[in-house]
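The values are calculated or read from the model by the stated rules, or taken from the named source; none is laboratory data. Quick caveat: nothing in here was measured; it's all calculated off a predicted structure. Ideal geometry is used to build each Cβ from the backbone, glycine not excepted, and the neighbour counts take in all protein chains shown.
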């Protein structure tokens, strides 16, 4: 059985954006494309309505490219329980109110038992200083937390 990866919007944005002149961003873009081409088949990918709400924003051409990347991915429901978990993450981690969508991404992945949440959002999601608090909140409410990671952390599998 394949492990599931929740694809957060920042990953889709890196896939769809034009090559950056910023060396760090360009490296992340290349790594994201490499992961998508080489590692994606190893996993079952999922998104949520939050991703579907975020990808159309901004430049219409980029939005179309983002939508194409997620068009065939199954979308997990944002349930009442996931929304309650997100509210608790905002309160107890704590996360700033402007990170409400980030909390929902984490909560949906946790509620649905997803193995990994892949993101380039290192401010509020793949943040080493917040990770344990997120895990504690999920566990306290009866959920397993997904592993919060960037694409480079899923480039190789120890089981292979």
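Name every residue in segment 36-54 that is farther than 11 Å from residue 70 by Cα, buried (at least 18 other Cβ atoms within 10 Å of the Cβ) and in contact with a strand residue (DSSP E or B) (Cβ under 7 Å, 6 or more places away or on another chain), in order of residue number.
Listed by number, the list holds a single entry, 43.
Which residue, of 115, 102, 136, 157, is out of contact with any helix residue (DSSP H, G or I) (no Cβ under 7 Å at 6 or more places or on another chain) and over 25 Å from residue 55 (Cα atoms)? Lay out the reasoning, then the answer.
Numbers: 115 fails: over 25 Å from residue 55 (Cα atoms); 102 fails: over 25 Å from residue 55 (Cα atoms); 157 fails: out of contact with any helix residue (DSSP H, G or I) (no Cβ under 7 Å at 6 or more places or on another chain).
None of the others qualify; the one that does is 136.
Give the residue that is nearest to residue 154 (Cα to Cα), with candidates limited to residues of segment 1-17 that are in contact (Cβ under 8 Å) with a residue 40 or more places away in the chain and more than 14 Å from the chain's Cα centre (by Cα). Steps first, answer last, please.
Our first condition is that a residue be in contact (Cβ under 8 Å) with a residue 40 or more places away in the chain; within segment 1-17, this holds for 2-17.
Next, only the ones that are more than 14 Å from the chain's Cα centre (by Cα) stay: 2-3, 16-17.
Numbers: 2: 13, 3: 11, 16: 19, 17: 21 Å.
Out of the qualifying residues, it is 3.
Grab the helices (runs of 4 or more DSSP H) fully contained in segment 26-131, keeping just those with 1 or more residues being under 16 Å from residue 14 (Cβ atoms).
Values: elements: 49-54, 60-70, 80-92, 100-111.
Output list reads 49-54, 60-70, 100-111.
Looking only at segment 127-155, which residues are within 16 Å of residue 117 (Cα to Cα) and exposed (fewer than 12 other Cβ atoms within 10 Å of the Cβ)?
128, 132
Quick one: residue 105 ticks every box in (1) in contact with a strand residue (DSSP E or B) (Cβ under 9 Å, 6 or more places away or on another chain); (2) surrounded by fewer than 13 Cβ atoms within 10 Å (Cβ to Cβ) bar one, so which box is it?
(2)
For the list (1) at pLDDT 95 or above; (2) under 22 Å from residue 143 (Cβ atoms); (3) over 16 Å from the mean Cα position of the chain (by Cα), I need the number of the one condition that residue 49 fails.
Going through the list (1) at pLDDT 95 or above; (2) under 22 Å from residue 143 (Cβ atoms); (3) over 16 Å from the mean Cα position of the chain (by Cα), residue 49 breaks only (3).
When you scan segment 63-82, do you find a residue that is surrounded by fewer than 16 Cβ atoms within 10 Å (Cβ to Cβ) and within 22 Å of residue 123 (Cα to Cα), even just one?
No, segment 63-82 has no match at all.
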